[in-house]
1. How large is the Rg to Rh ratio of segment 315-381 when both quantities use alpha carbon positions and Rh follows Kirkwood?
2. Along the charge dipole of segment 225-311, which of 290, 236, 254 sits closest to the positive end, that is, farthest toward it, with unit charges on the beta carbon of Lys, Arg, Asp and Glu (+1, +1, -1, -1)?
3. Around residue 260, which amide H atoms from residues at least 5 apart in sequence, or from another chain, sit under 5 Å from its own amide H, with H modelled in the peptide plane?
4. Explain nothing, just the number: dipole magnitude of segment 355-409 about its Cα centre with +1 on each Lys and Arg Cβ and -1 on each Asp and Glu Cβ, in debye rounded to the nearest 20.
5. With no solvent and one point per C-alpha, what does the Debye sum give as log10 I(q)/I(0) for segment 192-313 at q = 0.15, 0.16 Å⁻¹?
6. Under the Karplus relation 6.51 cos²θ - 1.76 cosθ + 1.60, θ = phi - 60°, what is the ordered set of whole-Hz ³J(HN,Hα) values for segment 123-136, x standing for Gly and Pro?
7. Please state the charge dipole magnitude for segment 128-201, taken about the Cα centre, from unit charges on C-beta atoms (+1 on K and R, -1 on D and E), reported in debye and rounded to the nearest 20.
8. Between residue 250 and residue 335, how many nm apart are label points set 7 Å from Cα along the C-beta direction?
Amino acid sequence: MIKQKNIFLFFSMMGILALTGCMKYVFNNGIAVSNTTEITSEITTQEQEYVSIQEDTTTITSEFNKDESKYFYGKSCIRYDQLNDTQKLVYNQIFEGIESCSEVINISYDIDESDLEKIYDAIINTADFELVYPTRKYDFKYDSITGNIYKISPKYEVSLEVRSSMISSVDSVANDIISQTVGMDEFQTVKYFHDYIILNCSYDSNSENYSNAYGALVDGKAVCEGYARAFKYLCNMVGIPCELVIGTTDIEHMWNLVQIDGEWYHIDVTWDDPKNKDGDYISYSYFNLSDEQIFTDHTVNDTYILPVANSTDMNYFNYYNLCVSSLEELEDVLYQQVYNACLNGDKYVYFKADSIDTYNAIISKLCNSYDLYSIIKDASVDANNIINVDNVSFSYDDDMLTFTMNLEC
């Protein structure tokens, strides 16, 4: 059963359903219709051939030294680190083979099918060229007596020339994005990447490149996997450790773990991009969450052991002191947020409840009282940018206890 993940917008206190995550909701004569999109999660398609080794294999004896490799410089490599010595040697062979689009990659070390699955998973969820256009499928041959795999044949969907052109296009866009982060710290840089993808990419499962970084950054159309791969690609380019996380929400899903100031946080760019008629809506409900917070409605289903995320320091609402514990505190935060928004020409303000009791109290206040709207009007008057409170709307996320107000300044 698909759990409905809703973000409600109240316009003049009328409910409007919005998109979040890997699900789209539309109104059909007042009825919310779930239009689910299945995200490809299959890493391999395998064709087993019961044959004995009858040909020579090309042996690569050099171990892949991640400390000396330009690929791993300044990047997270938790998947590679969890491979054993033999798996790392095979990783090197497959990595180099896929990088050059080799039709056949000979395996010189003893691995079985489970080894291969783990190695292949590490490559297509780590290597930059695989973030742009992942090589999801392969065939393999193995010795029917020992069970050892001695050859794989990746199934490339694009040629080396096309992939190189795609990487060049992604790099061009990425460099332009990164040029805007000069002088920013890690938190600010991560936030800029998060916001850029949301503002410049639309959730679209019909796009040709919906599941890769090219789709998100160049086409501007992707699903959760494309969002996550694009975000990792940008972080990789500036040396901010970042990982893909494979899991489920209502359906199969992908998001990121990112390291800021030495601490790991979950960040779900897709679920912070609910569809809105304006196209400029940014949510921060899933920006830098701890394990405890993300596991409210996300489940990890990854092959690898992922870093522990137990800090909340860089959570958006904690970082900006927007987490409120009472209605009185909300009034102060709301006034200051609206005042600053009116001065800066911002359209949205954000805050979060620290508990379900506070959350319910805020919901009741917003729906049944005009007091908070008076605060909004007073703040706008003081900022010399008067808001028509009749046009103010708000959305809320009952999993993350977060609120967003649309001021329509």
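1. With Rg and the Kirkwood Rh in hand, the quotient comes to 0.96.
2. Selected residue: 236.
3. Close amide H contacts, sequence-distant or interchain: 265.
4. Charge dipole of segment 355-409: 140 debye, to the nearest 20.
5. The Cα Debye sum returns log10 ratios of -0.62, -0.71.
6. 5, 6, 9, 10, 5, 4, 5, 7, 5, 6, 8, x, 8, 7
7. Around 440 debye, computed over segment 128-201.
8. Using points 7 Å along Cα→Cβ, the separation is 4.0 nm.
The values are calculated or read from the model by the stated rules, or taken from the named source; none is laboratory data. None of the values given here were measured: they were computed from a predicted structure. Cβ: placed from backbone, ideal geometry, glycine included. Neighbour counts: every protein chain shown. The protein model used for the area step is the full one, side chains on, heavy atoms only, and it has no ligands, DNA or RNA in it. Shrake-Rupley method; radii C 1.70, N 1.55, O 1.52, S 1.80 Å.
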